[in-house]
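The values are calculated or read from the model by the stated rules, or taken from the named source; none is laboratory data. No experiment lies behind these values; they were computed from the predicted model shown. Glycine also receives a Cβ, built like all others from the backbone with ideal geometry; neighbour counts cover every protein chain displayed. Only protein heavy atoms, including side chains, enter the accessible area calculation; ligands, DNA and RNA are left aside. Shrake-Rupley method; radii C 1.70, N 1.55, O 1.52, S 1.80 Å.
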Amino acid sequence: MFTAAAACAGSACCTATCSCFGAVGGAVAKISARALYVCLFVLTTLFCVVMRDYAKPMLAKLPWIVSATGFDPGTEWFGAQAVYRISMGSFSFFATMSLLLINVETKSDPRDRLLHHGNWLLKLVAWVLCLVSPFLLGADSGLIKFYVWFARVASGFFLVAQSVILLDFAFLWNGSWVRNSEAASDAGDEKTAMGWILGLLLSTVTLYSGTIALLAFLYRWYVPHTECHENAWFVSVSLVLIFCFTAASLHPLCAEKGASILPAAVVAAYVGYLTHQALASEPVTGSETAGDTIRKCAPFANAAGGRGGGEPAQIAGAALTLLSVAYSAYRAGSVDFFGDSDGGDGEQTSALLDSGDASGDDVGLAGAEFPTGPTTYSYSFFHAVFALASANLGMLLTGWGSSGFGTGDPGGGPRDIRNVDSGWASVWVKILSAWVTAALYAWTVVAPVVLEDRDFF
């Protein structure tokens with residue numbers, strides 16, 4: 001009797017467990033594919049942050065990594081090596097997905113069902129393998145060194161992609177509040193209509209005030225002497241570009257074509273932010289009395305080690321990266337961003353898992369119905385943004401590749417990984433990204449006037 005009771009209890013437990021996994025699978029199947037990819041990137045970011053500080057106990061046991069160092073590596077060196085490898089693995093995963101999904105234009109394309117929305121268990125295994133595989137490479141691996149240099153360039157492209165995402169957000173913000181004002185006015189509620197307009201004006205004034213104040217402080221902080229020509233040139237070029245695209249946005253011809261001052265204010269703030277980050281990334285060069293190495297053209301707080309703002313800058317950069325990726329995922333299905341039919345991918349998730357579909361029917365991938373029609377966003381571009389963000393994450397946490405390979409101090413040890421964003425590579429990538437962002441926005445304002453035979457809105 002006891003045996004029969006135990007058998008019944010075991011059977012009941014197995015049935016409950018299977019039902020639980022089935023319920024979880026059904027719930028996951030109803031989640032947007034974009035949200036799941038964002039979760040993978042967030043997990044990658046957490047792994048990078050944790051391994052940056054706690055990788056030494058694990059990597060110290062891998063002889064192919066330790067034996068090729070040529071010096072006694074510290075915690076920072078091991079952290080940098082771990083971040084490079086995780087970043088490389090994440091980039092490989094999303095870049096491969098982007099290449100495999102090129103020219104997927106209809107939902108009936110098998111790649112939509114099998115690669116982008118389906119086979120999540122296989123994709124999870126592939127993601128884990130991509131993250132683990134780089135740890136099989138030695139510290140002197142040419143592939144790792146090549147990836148570090150490649151990631152610097154890819155990070156620059158991500159900053160430009162980030163500016164495109166920012167432009168989309170600015171135009172969406174402006175258009176939404178203008179439509180709300182017009183709707184309130186049509187309904188006869190002039191007070192509410194005026195409130196939306198005042199909100200736009202207040203936001204614009206706040207953004208421009210903050211930008212002007214920041215640029216003024218940049219002149220004071222980074223141009224304390226007349227010989228700081230390079231820093232003065234960086235700030236001045238950014239200021240001139242901001243003035244030019246602001247003037248273009250206010251021009252009547254551009255205004256008639258849809259230009260507005262609020263997007264210009266958002267771009268101005270972003271250009272000012274990147275300019276500050278570029279100047280804060282300048283490394284220490286030169287020395288003064290009392291044995292202190294002081295960068296003459298940098299604030300005292302940032303002079304020790306060229307830290308580029310230290311941990312606050314790192315946290316701000318990582319947060320901006322995560323927000324950009326999350327927003328790109330949110331907007332990927334938007335008709336405004338990609339020009340496709342609206343509706344998101346909520347109707348496309350019927351085959352997210354092999355074990356079931358979104359309707360809850362107990363059918364496999366082969367038996368599930370999958371919708372037809374054009375895709376609502378570019379799958380390839382979507383994954384490309386995540387790939388570039390992965391490269392940018394690796395550079396952000398290692399001072400743009402300055403940690404883990406070079407010798408950053410006279411004693412020949414590795415540079416402190418917490419000297420985030422230090423180095424001229426970081427300076428030029430950021431300042432050029434700021435200028436490209438300004439030029440890109442200026443073109444979106446001027447192009448409808450110059451090329452009148454084309455439809456831009």
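Residue separation of Val178 and Lys257 scaled by 0.36 nm, minus their Cα-Cα distance, works out to 26.9 nm of gained length. Inter-label distance, Phe217 to Cys39: 3.9 nm, where each label sits 7 Å from its Cα along the C-beta direction. For the residue pairs Lys145/Lys430; Lys56/Lys123; Lys56/Lys145, the C-alpha atoms sit more than 24 angstrom apart in Lys56/Lys123.
Annotation for Leu136 and Phe150: the two label points, set 7 Å from Cα along the Cα-Cβ direction, are 1.7 nm apart. Using a probe of 1.4 Å on the protein chains alone, the accessible area found for His229 is around 130 Å². If R0 is 22 Å, the Cβ-Cβ spacing of His229 and Leu440 corresponds to a FRET efficiency of close to 0.20. The spacing between segment 161-237 and segment 94-116, judged by their C-alpha centroids, is 37 Å.
With 0.36 nm allotted per residue and the present C-alpha distance subtracted, the Glu105-Asp186 stretch has 25.3 nm of extension available.
Return the FRET efficiency for the residue pair Ser209, Leu432: r is the Cβ-Cβ distance, R0 is 35 Å, and the value is rounded to the nearest 0.05. Walk me through the intermediate numbers first.
Values: r = 26 Å, r/R0 = 0.75.
For Ser209 and Leu432, the calculated efficiency is 0.85.
For segment 67-164, the alpha carbon convex hull comes to 127 Å³ per residue, rounded to a whole number.
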